[in-house]
1. Could you please give the count of residues in region 175-200 that are of a type outside the set (S, T, N, Q) and more than 23 Å from ILE221 (Cα to Cα)?
2. Regarding region 369-378, can at least one residue be identified that is loosely packed, with under 12 Cβ neighbours inside 10 Å, among the acidic types (Asp, Glu) and within 23 Å of LEU307 (Cα to Cα)?
3. Looking at ARG89, ARG83, ARG96, can you tell me which residue is touching a helix residue (DSSP H, G or I) at 6+ places or on another chain (Cβ under 8 Å), loosely packed, with under 12 Cβ neighbours inside 10 Å, farther than 17 Å from LEU30 by Cβ and not acidic (Asp, Glu)?
4. Going through region 158-188 one residue at a time, which ones are closer than 22 Å to GLU122 by Cβ and polar (S, T, N, Q)?
5. From (1) within 18 Å of VAL303 (Cα to Cα); (2) touching a residue at least 12 places away in the same chain (Cβ under 8 Å), pick out the condition that doesn't hold for ILE221.
6. Does ARG138 count as among the charged types (D, E, K, R), in contact (Cβ under 8 Å) with a residue 24 or more places away in the chain and either closer than 15 Å to ASN114 by Cβ or crowded, with 21+ Cβ neighbours inside 10 Å (or both)?
7. Within region 32-48, count every residue that is modelled with pLDDT under 90 and of a type in the set (S, T, N, Q).
8. Does ILE123 fit the bill of being in contact with a helix residue (DSSP H, G or I) (Cβ under 6 Å, 6 or more places away or on another chain), aliphatic (A, V, I, L, M) and closer than 18 Å to GLU177 by Cα?
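The values are calculated or read from the model by the stated rules, or taken from the named source; none is laboratory data. On a predicted model such as this, the values are computed, not experimentally measured, just so you know. Don't worry about glycine lacking a Cβ; one is built from the backbone with ideal geometry, like all the others, and counts go over all protein chains shown.
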Amino acid sequence: MLIREIIETVDIIHDPYLRATTYAKIGERLARVKDAKFKLVFLKAIETTREIDDPVKTFQALLSVGYSMKKAGLHSAKKIYQRVLEDSRELPDPVRDDIMVLAARYMLGLGEINEAIIYAMEIKNPSLRDTVLLQIIRRNTSLIGTEKVKVAYRVRKSKMALEHISTEPYRSKALIEIMKSYFLMGSYENGIAVIKDIDQKEWAKRAFKEALFFLKERGVIEKYVPNLKEVARYLVEKFGDEFKIELGVAFALAEEPVEAADLLRKLEGDRALVKVALRLLDVAPGHLPSFIRVLNEREATEVGRALLNIFLENPNEGDWETIRAIWERSRSEEVRVKIARYSLIKGDIEGAMKIVEYIENERLRSIVLADIAHRLLKMGDVSKAIDVALEVRDPKFSSILIAEILIGALDRELEAKVMVNGKAKNHA
């Protein structure tokens, strides 16, 4: 169909709401290709809204038409929104709130942050208003991440929206978005300081964690440790001892592991120390060795066990300096078995064999030797695997292990022989 025919055919749509919004969408597309008929089509869209009997539907149609006009670059779209803003005041609050939400979201879709805030502030329901304002702030933050200009302007707009958020958790969530905005613009001190304004403990904790991860990713965490410590101290006073975990992390990052450990011992003992160690593994693993080296043997065993469990599941997260620190501070044979297993995973068979010398428990020693023997078998060194199996002091266990090695070696040999040019060879 020709464009003119398409425009004329819209008139057969019975529902005036659908007819008006269809005209608007056509007008938007015609404007995009610079077809002069787009203004006439928008005029038809506005005229059609007058045929709608339901005032709520009328306002919804006008907002949709105005949205399309704005996308088409027509300045008159703003007048339509102002008309809806004024004329809808006669409606009951819950009904008008829905219309203002729609208006704010249309403005948000256009990137008109200031206009979106204006319509959001007209919403009477506090929870609904705060939900929309938070959406606006989040959208603003995402724009900061993609723009090189207007960054300070956008942060000001987010702070303006924040001033009108009165309920939780929306206010705390909005503050986290503003913290992120400061980080995105490189204003790290201001971003860290925002955490102090969060009044809910769980959200303050989340903000502190996000700050640590963000600063780590940007490679600036070391520079802002004093700021993190100052905020963590403030949060301990504000929320109580539970926040000492965050303060412990900050002390460890500040290369004050003794102070970190002393603080955490008074809180939850070994459990708190493990929590901080795992957090350091996430945000700054280079600080783990010095943290572990100030722990006593029992503490180092608990922390070492937790870290090695992660290293065994994800070997790439392991670090030899951290493992050396665990070895130095813990004489737990269970922990040493885990270190031996990690050594095997990393291909250090010689290192695993040296660890065996320090394990006196027969059961644990046999487990490590069995692991080493199986690794040697996998590498094809059957003779050395049997030598290792013979070192197992329990004759029964040693015999079982040797039998496993021999059967395993035979299976490997047969598998290699029966495969010829990708096909099984018949040896019957």
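1. 1
2. Scanning region 369-378, I find no residue that is loosely packed, with under 12 Cβ neighbours inside 10 Å, among the acidic types (Asp, Glu) and within 23 Å of LEU307 (Cα to Cα), so the answer is no.
3. ARG89
4. Within region 158-188, SER158, SER166, THR167 qualify.
5. Unmet condition: (1).
6. no
7. So the answer is 0.
8. Values: in contact with a helix residue (DSSP H, G or I) (Cβ under 6 Å, 6 or more places away or on another chain): yes; aliphatic (A, V, I, L, M): yes; closer than 18 Å to GLU177 by Cα: no.
The answer is no for ILE123.
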